[in-house]
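Before any comments, here is the structure.
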Amino acid sequence: MRRATIAGNWKMHGTKRQAHDLLQGIKDNSQTLDHVELIVLPPFIFIEQTAQALNDSHVAWGAQNVSNQEQGAFTGEVSASMLAEFACRYALVGHSERRTIYNESDAVVREKFSRLQASNICPILCMGESLEQRRQNQTQAVVQRQIDAILDTQGVSALQDAILAYEPIWAIGTGESASPEQAQEVHSFIRHYLAEHNAKIAQNIRILYGGSVKPTNARDLFAMPDIDGGLIGGASLESDSFIAIANAVSPD
Ligand code: PEP
(Lines give C-alpha, C1' and ligand atoms only; values in the text may rest on other atoms or scores of the structure.)
Protein backbone atom coordinates (compact mmCIF):
# COMPACT_ATOMS: atom_id res chain seq x y z
CA MET A 1 0.00 0.00 0.00
CA ARG A 2 1.58 3.28 -1.09
CA ARG A 3 1.25 6.25 1.25
CA ALA A 4 -0.14 9.34 -0.48
CA THR A 5 2.38 12.14 -0.39
CA ILE A 6 2.03 15.88 -0.90
CA ALA A 7 5.28 17.83 -1.21
CA GLY A 8 5.49 21.62 -1.39
CA ASN A 9 8.30 23.09 -3.48
CA TRP A 10 8.57 26.70 -2.36
CA LYS A 11 11.23 27.48 -4.97
CA MET A 12 12.93 30.87 -4.35
CA HIS A 13 10.01 32.54 -2.61
CA GLY A 14 9.28 34.10 0.74
CA THR A 15 10.75 36.00 3.64
CA LYS A 16 11.56 34.67 7.10
CA ARG A 17 8.23 36.05 8.30
CA GLN A 18 6.27 34.47 5.45
CA ALA A 19 8.05 31.16 6.03
CA HIS A 20 7.09 31.36 9.70
CA ASP A 21 3.41 31.98 8.90
CA LEU A 22 3.29 29.30 6.22
CA LEU A 23 4.90 26.68 8.48
CA GLN A 24 2.57 27.58 11.33
CA GLY A 25 -0.47 27.34 9.06
CA ILE A 26 0.59 23.93 7.75
CA LYS A 27 1.36 22.63 11.23
CA ASP A 28 -1.92 23.86 12.71
CA ASN A 29 -4.03 22.36 9.95
CA SER A 30 -2.31 19.05 9.32
CA GLN A 31 -3.43 17.16 12.44
CA THR A 32 -6.27 15.33 10.71
CA LEU A 33 -4.13 14.37 7.74
CA ASP A 34 -2.66 11.14 9.09
CA HIS A 35 -3.28 9.32 5.83
CA VAL A 36 -1.05 11.73 3.89
CA GLU A 37 2.68 12.29 4.16
CA LEU A 38 3.26 16.03 4.02
CA ILE A 39 6.65 17.39 3.00
CA VAL A 40 7.84 20.99 2.71
CA LEU A 41 10.86 21.94 0.62
CA PRO A 42 11.92 25.49 1.52
CA PRO A 43 14.96 27.37 0.20
CA PHE A 44 18.17 26.20 1.93
CA ILE A 45 18.35 29.33 4.06
CA PHE A 46 15.00 28.53 5.72
CA ILE A 47 15.72 24.88 6.48
CA GLU A 48 16.89 25.40 10.04
CA GLN A 49 13.83 27.56 10.77
CA THR A 50 11.66 24.86 9.19
CA ALA A 51 13.26 22.12 11.27
CA GLN A 52 12.57 24.09 14.45
CA ALA A 53 8.98 24.87 13.48
CA LEU A 54 8.09 21.32 12.43
CA ASN A 55 10.15 19.36 14.91
CA ASP A 56 7.15 18.27 16.97
CA SER A 57 4.79 17.75 14.02
CA HIS A 58 4.34 14.91 11.56
CA VAL A 59 5.23 17.15 8.62
CA ALA A 60 8.60 16.28 7.08
CA TRP A 61 11.00 18.70 5.40
CA GLY A 62 13.77 18.64 2.88
CA ALA A 63 15.66 20.58 0.22
CA GLN A 64 15.10 21.57 -3.38
CA ASN A 65 18.59 20.72 -4.52
CA VAL A 66 21.91 19.28 -3.34
CA SER A 67 25.50 19.34 -4.53
CA ASN A 68 26.81 16.43 -6.60
CA GLN A 69 30.08 16.75 -4.63
CA GLU A 70 30.79 15.47 -1.16
CA GLN A 71 32.72 18.47 0.18
CA GLY A 72 35.42 20.94 -0.76
CA ALA A 73 35.98 24.08 -2.80
CA PHE A 74 32.56 24.30 -4.44
CA THR A 75 31.44 27.86 -3.74
CA GLY A 76 27.72 28.22 -3.21
CA GLU A 77 26.98 24.51 -2.97
CA VAL A 78 25.31 22.57 -0.13
CA SER A 79 26.17 18.93 0.47
CA ALA A 80 23.91 16.01 1.33
CA SER A 81 25.65 15.51 4.68
CA MET A 82 24.91 19.15 5.57
CA LEU A 83 21.23 18.57 4.77
CA ALA A 84 21.26 15.47 6.95
CA GLU A 85 22.52 17.56 9.88
CA PHE A 86 19.29 19.56 9.66
CA ALA A 87 17.20 16.38 9.60
CA CYS A 88 16.15 16.72 5.97
CA ARG A 89 14.40 13.48 5.06
CA TYR A 90 13.88 14.37 1.38
CA ALA A 91 15.43 16.40 -1.42
CA LEU A 92 14.45 17.07 -5.01
CA VAL A 93 16.82 16.08 -7.78
CA GLY A 94 16.42 16.78 -11.46
CA HIS A 95 13.70 19.41 -11.19
CA SER A 96 13.14 20.75 -14.72
CA GLU A 97 14.21 24.23 -13.61
CA ARG A 98 17.57 22.76 -12.58
CA ARG A 99 17.83 20.74 -15.79
CA THR A 100 16.91 23.60 -18.12
CA ILE A 101 18.11 26.80 -16.41
CA TYR A 102 21.24 25.32 -14.80
CA ASN A 103 21.95 22.72 -17.51
CA GLU A 104 22.01 19.78 -15.13
CA SER A 105 22.63 16.62 -17.12
CA ASP A 106 21.32 13.15 -16.33
CA ALA A 107 24.84 12.30 -15.11
CA VAL A 108 24.80 15.16 -12.58
CA VAL A 109 21.29 14.24 -11.47
CA ARG A 110 22.46 10.67 -10.89
CA GLU A 111 25.42 11.87 -8.79
CA LYS A 112 23.12 14.03 -6.68
CA PHE A 113 20.73 11.10 -6.27
CA SER A 114 23.46 8.86 -4.91
CA ARG A 115 24.94 11.56 -2.64
CA LEU A 116 21.52 11.88 -1.02
CA GLN A 117 21.13 8.16 -0.51
CA ALA A 118 24.62 7.96 0.99
CA SER A 119 23.38 10.45 3.62
CA ASN A 120 20.11 8.57 4.18
CA ILE A 121 18.03 11.27 2.49
CA CYS A 122 15.29 10.08 0.17
CA PRO A 123 15.66 11.58 -3.32
CA ILE A 124 12.56 12.82 -5.11
CA LEU A 125 13.59 12.32 -8.72
CA CYS A 126 11.75 14.71 -11.04
CA MET A 127 11.25 13.97 -14.69
CA GLY A 128 9.10 15.13 -17.55
CA GLU A 129 8.97 16.23 -21.14
CA SER A 130 8.80 19.65 -22.81
CA LEU A 131 5.83 20.65 -24.95
CA GLU A 132 7.91 20.14 -28.07
CA GLN A 133 8.85 16.60 -26.97
CA ARG A 134 5.20 15.79 -26.20
CA ARG A 135 4.16 17.05 -29.63
CA GLN A 136 6.78 14.81 -31.19
CA ASN A 137 5.50 11.82 -29.23
CA GLN A 138 8.71 11.56 -27.20
CA THR A 139 7.19 11.67 -23.71
CA GLN A 140 7.86 8.04 -22.86
CA ALA A 141 11.36 8.09 -24.36
CA VAL A 142 12.30 11.18 -22.33
CA VAL A 143 10.96 9.82 -19.06
CA GLN A 144 12.56 6.44 -19.68
CA ARG A 145 15.94 8.09 -20.35
CA GLN A 146 15.66 10.04 -17.10
CA ILE A 147 14.94 6.85 -15.12
CA ASP A 148 17.61 4.91 -16.99
CA ALA A 149 20.16 7.44 -15.71
CA ILE A 150 19.60 5.83 -12.31
CA LEU A 151 18.83 2.24 -13.36
CA ASP A 152 21.82 1.84 -15.66
CA THR A 153 24.36 2.93 -13.09
CA GLN A 154 22.88 2.02 -9.71
CA GLY A 155 20.40 -0.71 -10.49
CA VAL A 156 16.73 -0.88 -9.68
CA SER A 157 17.37 -1.41 -5.96
CA ALA A 158 18.39 2.28 -5.76
CA LEU A 159 14.70 3.06 -6.28
CA GLN A 160 13.67 1.18 -3.16
CA ASP A 161 14.19 4.34 -1.12
CA ALA A 162 13.21 7.01 -3.57
CA ILE A 163 10.16 8.89 -4.79
CA LEU A 164 9.49 9.73 -8.43
CA ALA A 165 7.73 12.87 -9.61
CA TYR A 166 6.35 13.15 -13.12
CA GLU A 167 6.27 16.84 -13.97
CA PRO A 168 5.55 17.73 -17.60
CA ILE A 169 7.50 20.95 -18.18
CA TRP A 170 4.61 22.51 -20.09
CA ALA A 171 2.42 22.19 -16.98
CA ILE A 172 4.83 23.69 -14.43
CA GLY A 173 3.83 27.16 -13.33
CA THR A 174 1.61 27.63 -16.38
CA GLY A 175 -1.78 27.09 -14.78
CA GLU A 176 -2.36 24.34 -17.32
CA SER A 177 -2.21 20.97 -15.60
CA ALA A 178 -2.01 17.67 -17.44
CA SER A 179 -5.42 16.05 -17.47
CA PRO A 180 -5.82 13.16 -15.03
CA GLU A 181 -5.83 10.78 -18.02
CA GLN A 182 -2.67 12.26 -19.53
CA ALA A 183 -0.87 12.06 -16.21
CA GLN A 184 -2.13 8.54 -15.47
CA GLU A 185 -0.90 7.34 -18.85
CA VAL A 186 2.66 8.41 -18.06
CA HIS A 187 2.55 7.20 -14.44
CA SER A 188 1.33 3.83 -15.62
CA PHE A 189 4.09 3.71 -18.22
CA ILE A 190 6.69 4.44 -15.53
CA ARG A 191 5.34 1.75 -13.22
CA HIS A 192 5.20 -0.84 -16.00
CA TYR A 193 8.70 0.03 -17.08
CA LEU A 194 10.01 -0.40 -13.54
CA ALA A 195 8.10 -3.68 -13.22
CA GLU A 196 10.24 -5.07 -16.04
CA HIS A 197 13.17 -4.61 -13.63
CA ASN A 198 11.54 -5.42 -10.30
CA ALA A 199 7.80 -5.94 -9.77
CA LYS A 200 7.88 -5.29 -6.04
CA ILE A 201 9.74 -1.99 -6.31
CA ALA A 202 7.42 -0.92 -9.13
CA GLN A 203 4.41 -1.72 -6.98
CA ASN A 204 5.72 0.10 -3.90
CA ILE A 205 7.32 3.22 -5.32
CA ARG A 206 5.44 6.48 -4.93
CA ILE A 207 5.00 8.43 -8.17
CA LEU A 208 3.84 12.01 -7.62
CA TYR A 209 2.35 14.26 -10.25
CA GLY A 210 3.50 17.89 -10.49
CA GLY A 211 2.42 20.74 -12.71
CA SER A 212 -0.23 23.34 -11.80
CA VAL A 213 -1.93 21.21 -9.16
CA LYS A 214 -4.55 23.30 -7.36
CA PRO A 215 -7.32 22.59 -4.87
CA THR A 216 -9.75 22.53 -7.82
CA ASN A 217 -8.01 19.81 -9.87
CA ALA A 218 -6.24 17.79 -7.17
CA ARG A 219 -9.04 15.35 -6.39
CA ASP A 220 -9.40 14.10 -9.97
CA LEU A 221 -5.64 13.74 -10.40
CA PHE A 222 -5.19 11.86 -7.11
CA ALA A 223 -8.08 9.52 -7.93
CA MET A 224 -5.98 7.97 -10.71
CA PRO A 225 -4.61 4.54 -9.76
CA ASP A 226 -0.93 5.29 -10.38
CA ILE A 227 -0.84 8.86 -9.03
CA ASP A 228 0.29 8.74 -5.41
CA GLY A 229 0.06 12.43 -4.60
CA GLY A 230 1.54 15.67 -5.82
CA LEU A 231 4.59 17.88 -6.01
CA ILE A 232 3.13 21.34 -5.60
CA GLY A 233 4.81 24.62 -6.57
CA GLY A 234 2.74 27.81 -6.59
CA ALA A 235 -0.14 26.41 -4.55
CA SER A 236 2.22 25.35 -1.75
CA LEU A 237 2.99 28.97 -0.86
CA GLU A 238 -0.31 29.45 0.99
CA SER A 239 -1.13 27.04 3.79
CA ASP A 240 -4.84 27.08 2.89
CA SER A 241 -4.28 25.85 -0.65
CA PHE A 242 -1.53 23.40 0.35
CA ILE A 243 -3.76 21.86 3.00
CA ALA A 244 -6.78 21.88 0.67
CA ILE A 245 -4.72 19.89 -1.86
CA ALA A 246 -3.72 17.41 0.86
CA ASN A 247 -7.37 17.08 1.83
CA ALA A 248 -8.15 16.09 -1.76
CA VAL A 249 -6.43 12.76 -1.07
CA SER A 250 -9.09 10.22 -0.25
CA PRO A 251 -8.52 8.56 3.15
CA ASP A 252 -8.86 4.94 1.89
C1 PEP B 1 7.02 22.50 -9.45
O2 PEP B 1 7.77 23.44 -9.63
O3 PEP B 1 7.49 21.44 -9.03
C4 PEP B 1 5.60 22.67 -9.73
C5 PEP B 1 4.87 21.61 -9.85
O6 PEP B 1 5.13 23.97 -9.85
P7 PEP B 1 3.60 24.43 -10.04
O8 PEP B 1 2.75 23.64 -9.08
O9 PEP B 1 3.62 25.90 -9.71
O10 PEP B 1 3.23 24.15 -11.46
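The values are calculated or read from the model by the stated rules, or taken from the named source; none is laboratory data. This is a predicted model, so every value here is computed, not measured. No Cβ is skipped: glycine too gets one built from the backbone with ideal geometry, and neighbour counts run over all protein chains shown. All accessible areas refer to the heavy atoms of the entire protein, side chains included, with ligands and DNA or RNA removed. Shrake-Rupley method; radii C 1.70, N 1.55, O 1.52, S 1.80 Å.
Key figures
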| quantity | calculated |
| --- | --- |
| Residue in the range 34-50 that is surrounded by the most Cβ atoms within 10 Å (Cβ to Cβ), counting only those that are without any contact (Cβ under 8 Å) to a residue 60 or more places away in the chain and away from the ligand (no atom under 16 Å from the Cβ) | Thr50 |
| Count of the range 103-113 residues which are part of a helix (DSSP H, G or I) and either free of Cβ contacts under 8 Å to residues at least 24 places away in the same chain or farther than 25 Å from Ala178 by Cβ (or both) | 5 |
| Scope the range 1-33; condition in a loop (DSSP other than H, G, I, E, B) and without any contact (Cβ under 8 Å) to a residue 60 or more places away in the chain; matching residues | Met1, Met12, Thr15, Gln31, Thr32 |
| Filter result (buried (at least 19 other Cβ atoms within 10 Å of the Cβ), farther than 17 Å from Asn137 by Cβ and either away from the ligand (no atom under 15 Å from the Cβ) or not polar (S, T, N, Q) (or both)) within the range 168-179 | Ala171, Ile172 |
| Answer residue from the range 60-102, given it is under 13 Å from the mean Cα position of the chain (by Cα), within 16 Å of the ligand (Cβ to nearest atom) and in a loop (DSSP other than H, G, I, E, B) and is nearest to Gly8 (Cα to Cα) among those | Gln64 |
| Scope the range 180-211; condition open to solvent by less than 20 Å² (accessible area, probe 1.4 Å) and either within 16 Å of the ligand (Cβ to nearest atom) or within 15 Å of the chain's Cα centre (by Cα) (or both); matching residues | Ala183, Val186, His187, Ile205, Ile207, Leu208, Tyr209, Gly210, Gly211 |
| Residues satisfying the stated conditions in the range 1-19, i.e. open to solvent by less than 100 Å² (accessible area, probe 1.4 Å), hydrophobic (A, V, I, L, M, F, W, C) and closer than 20 Å to Pro123 by Cα | Ala4, Ile6, Ala7, Trp10 |
| Tabulated pairs, the range 225-251, first within 12 Å of the ligand (Cβ to nearest atom), second open to solvent by 40 Å² or more (accessible area, probe 1.4 Å) and not small (Gly, Ala, Ser), C-beta under 6 angstrom, 6+ apart or interchain | Ala235/Lys214; Leu237/His13; Ser241/Pro215; Ile245/Pro215 |
| One residue from Asp148, Asp252 being open to solvent by 10 Å² or more (accessible area, probe 1.4 Å), touching a His at 6+ places or on another chain (Cβ under 9 Å) and charged (D, E, K, R) | Asp252 |
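Listed here are the residues, each with its yes/no results for (1) of a type in the set (Val, Ile, Thr); (2) out of contact with any strand residue (DSSP E or B) (no Cβ under 6 Å at 6 or more places or on another chain).
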| site | (1), (2) |
| --- | --- |
| Arg17 | no, yes |
| Ser30 | no, no |
| Gln49 | no, yes |
| Val66 | yes, no |
| Thr75 | yes, yes |
| Ser96 | no, yes |
| Tyr102 | no, yes |
